[in-house]
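First comes the structure, then the notes that go with it.
The values are calculated or read from the model by the stated rules, or taken from the named source; none is laboratory data. It should be emphasised that the depicted structure is a prediction, and the values quoted were computed from it without experimental measurement. Cβ placement follows ideal geometry from the backbone for every residue including glycine, while neighbour counts extend to all protein chains displayed.
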Amino acid sequence: MNIGIVCYPTFGGSGAVATELGKALANKGHKVHFISYNLPFKLNHFNENIIYHEVEWYEYPLFEYQPYESALTSKIVDVALYETLDILHVHYAIPHASAAYLAKQILHSKKIHLPYITTLHGTDITLVGKDPSFEPVIRFSLNNSDAITAVSKSLKKETLQTFKIDNNIEVIHNFIDFNRVQNIKQNASCCISNKSKNEKILMHISNFRKVKRIDDVVKIFALIRKKIPSKLVLVGDGPEKPFIERLVRNLKLQRDVIFTGRIAEPLEILASADLFLLPSETESFGLSALEAMALGVPVISSNSGGITEVNIHGKTGFTCQVGDVNSMARYSIELLVDAKKHLNFSKNAMEQAKKFDVKNILPKYLHLYSKVTKQTN
Ligand code: GMT
């Protein structure tokens, strides 16, 4: 198949999932056309079945805001015409679903049929999409999608509660390549060279947005460190970074908190962690938690959104109410002081992560592609 994938190129779960899906499809022999305004951050190796099409910008002084959606629509039409796309798969509804809808209509006027699938990732529904400035457009472009998928049951439920959707929403969970993760784990060395033997490593990875509650990560760490010698590794960057740096200094933790900045492939560093912390306000899925679990790292997280479909309380880690840093610290300490318990949780985490192996998830997307192209041809 000739598959078009539209996604954000920036550091974030939706772009990561879209790119890994594209790579997996390309490895199965499909031609995958990525359409975005920059090279997706995970698209870092040559693959003859992957082509990147950049959305071109037209600078003009009249535009205070660039009309990105129009530029994207034109690029989709261009790629569909010249690469004869069979299907278009857009990741993150805003503005990708409405651009896909308009491109479909333009192509229809040229007697070309291009079905599109919209995959909902989370904040496109739970934060941004709810805003009245987007709601009618999102609802319309979702209702006109040839198929909609959501990355968790919780996101599906929230979408149905938020929008009047007449279309079916299929849940297709996010995935990891379990074998690749195991290879990385086997070859990884500890990310902190001067770490003393009894010191533990807590880790958090994100795009440092408010929704991630990184201040809670630091507060949990402060409580753990009172009892257990430990270091906190914060991987990523984003708008919250200056506040978090200040909080770390105010709590006098700077000697034990490491800010790595953005790392496109964080699995190697993640393999050194003893625990992964994800206390987010909401998380439609929590891809970074799944990556940690695949490496055998138990997760301490909030219990909001779809994260409880990934992290199982009392088995692969612990899930607590949003903002309950005391319980999160207590559970962390419980695991860090008991090597046997930690090992059990680590094994359970890997077993649970295996369920989300690409081998189990890719066929679901392929089945949907084939259903949609057959239905609409
Ligand atoms: O907020 C982020 O972490 C980025 C965001 C995105 O759309 O890029 O992530 C969302 O999609 C990921 C991939 O499906 C999910 O794993 C994240 O849980 C989800 N983030 C939120 O719901 C806050």
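Rundown of residues vs (1) in contact with a strand residue (DSSP E or B) (Cβ under 8 Å, 6 or more places away or on another chain); (2) among the β-branched types (Val, Ile, Thr); (3) within 18 Å of GLY22 (Cβ to Cβ), yes/no style:
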residue: SER70; (1), (2), (3): no, no, no
residue: VAL77; (1), (2), (3): no, yes, no
residue: LEU81; (1), (2), (3): no, no, no
residue: ASP86; (1), (2), (3): yes, no, yes
residue: SER98; (1), (2), (3): no, no, no
residue: ALA103; (1), (2), (3): yes, no, no
residue: ILE106; (1), (2), (3): no, yes, no
residue: ILE112; (1), (2), (3): no, yes, no
residue: THR119; (1), (2), (3): yes, yes, yes
Margin query: Consider the stretch 276-288. How many of its residues are crowded, with 18+ Cβ neighbours inside 10 Å and out of contact with any Gly (no Cβ under 8 Å at 6 or more places or on another chain)?
Written below: 1
Check: List pairs: first in the stretch 345-366 and touching a residue at least 40 places away in the same chain (Cβ under 8 Å), second surrounded by fewer than 20 Cβ atoms within 10 Å (Cβ to Cβ) and part of a helix (DSSP H, G or I), Cβ under 6 Å, 6+ apart or cross-chain?
Finding: LYS354/PHE178; ASP357/PHE178; VAL358/ALA24; LEU362/ALA24
Next item on the list: Kindly check whether there is at least one residue in the stretch 325-342 that is among the aliphatic types (A, V, I, L, M), in the same structural domain as LYS219 (by TED's automatic domain parsing), without any contact (Cβ under 8 Å) to a residue 60 or more places away in the chain and farther than 28 Å from ALA147 by Cβ.
Entry: yes
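One line per residue, one yes/no per condition, for (1) out of contact with any Pro (no Cβ under 8 Å at 6 or more places or on another chain); (2) within 13 Å of the ligand (Cβ to nearest atom); (3) more than 22 Å from ASN183 (Cα to Cα); (4) part of a loop (DSSP other than H, G, I, E, B):
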| position | (1), (2), (3), (4) |
| --- | --- |
| VAL322 | no, yes, yes, yes |
| ALA329 | yes, no, yes, no |
| LYS341 | yes, no, yes, no |
| PHE345 | no, no, no, no |
| MET350 | yes, no, no, no |
| LEU362 | yes, no, no, no |
| SER370 | yes, no, yes, no |
Next item on the list: Hand me the list of helices (runs of 4 or more DSSP H) wholly inside the stretch 148-248 holding 3 or more residues that are under 24 Å from THR126 (Cα atoms) and not assigned by TED's automatic domain parsing to the domain that holds VAL310.
Entry: 153-162
Notebook entry, point to check: From the set of residues in the stretch 248-295 that are in contact with a strand residue (DSSP E or B) (Cβ under 8 Å, 6 or more places away or on another chain) and among the acidic types (Asp, Glu), which is nearest to the ligand (Cβ to nearest atom)?
Noted result: GLU283
